[in-house]
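J.: First the structure, which I've put down as structure tokens, then a few questions once you've had a look.
The values are calculated or read from the model by the stated rules, or taken from the named source; none is laboratory data. Values in this document were obtained by computation on a predicted structure and should not be read as measured data. Because the Cβ atoms are built from the backbone with ideal geometry, glycine has one as well, and the counts that use them run over all protein chains shown. In case anyone asks, the SASA skips ligands and DNA or RNA and just uses the protein heavy atoms, side chains included. Shrake-Rupley method; radii C 1.70, N 1.55, O 1.52, S 1.80 Å.
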Amino acid sequence: SFCSMNRENKLVVVPKSTVSTGGSKISFYLYDDESWTHSTLFTVAFFTSVRRIIVIADLTVGCEHRAGYVSCACEAPSWGTEEVVQVQLMVNKASVGLLPFLFYA
């Protein structure tokens with residue numbers, strides 16, 4: 001479960017992979033931060049050395065703040081090929097982390 005994940009990794013992406021046709025919900029959790037609000041701008045970049053797709057994410061509302069983390073979610077883009085990419089979460093245009101992410105066929 002999410003609660004048992006390693007808290008040393010401040011940024012977590014769930015799931016860590018999705019189908020390359022896109023459309024799945026991707027959630028990001030950031031520990032030890034409770035500063036996100038509805039006016040916070042979230043953008044997510046899925047990229048390799050030759051390709052970059054940027055999507056907007058929305059704040060996830062719920063009990064997250066009480067649990068010591070905040071979260072946001074976006075819809076995975078259509079990548080089209082099976083490939084491991086980097087996914088980067090930007091909050092108000094500042095990077096809060098970079099993680100590997102797999103698109104599979």
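J.: Can you give the accessible area per residue of the range 22-105, in Å², using a 1.4 Å probe?
T.: Values: 4440 Å² over 84 residues.
On a per-residue basis, the range 22-105 sits at 53 Å².
J.: If you don't mind, another one. With each pseudo-label sitting 7 Å past Cα toward Cβ, what's the residue 43-residue 95 distance in nm, one decimal?
T.: Result: 1.4 nm between the two label points.
J.: Moving to a separate point now. Residues with beta-carbon under 11 Å from that of residue 20, excluding residue 20: net charge, scoring Lys, Arg +1 and Asp, Glu -1? All intermediate terms of the calculation are to be shown ahead of the outcome.
T.: Numbers: positive: none; negative: 82, 83.
For residues surrounding residue 20, the net value is -2.
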